[in-house]
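Notes to accompany the following structure.
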Amino acid sequence: MTAKELRQLVMDKIPQITGASGMGKEELVAAIKEVFGIVDEEGAVSPYKKQISGIKKDIAGLREERLQASSRKDREILRKKINKLKKRSRRLARAV
């Protein structure tokens, strides 16, 4: 929504917020969140951060092994392991 639309919405529907006609968009959004009790979680640290960093270290080690691998079959096996770990780390990152 635009700031103009938000101002009109606040003036029509949310009488708890005063001074809406002089507020900018960010101020309006913050006031609306405060009225409805919505908490911003920006900058929140993932509870799985240690696991994710451990997985990334494992991935780095497997990449080194893959470079050292002599046979194509070994490289393919390591590639699949890396892909599984990457998928796991992405799932953990989204779980927040």
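The values are calculated or read from the model by the stated rules, or taken from the named source; none is laboratory data. All values reported here derive from a predicted model rather than from experimental measurement. Virtual Cβ from ideal backbone geometry, glycine too; neighbours counted across all protein chains shown.
When segment 31-61 is limited to residues that are out of contact with any Ser or Thr (no Cβ under 9 Å at 6 or more places or on another chain) and β-branched (V, I, T), the one that is modelled with the lowest pLDDT turns out to be V45. Count of segment 21-37 residues, restricted to those that are surrounded by 11 or more Cβ atoms within 10 Å (Cβ to Cβ) and either over 14 Å from R7 (Cα atoms) or not aliphatic (A, V, I, L, M) (or both), is 6. Looking at the structure I just gave you, is R72 surrounded by fewer than 10 Cβ atoms within 10 Å (Cβ to Cβ) and over 21 Å from the mean Cα position of the chain (by Cα)? Answer is yes for this residue.
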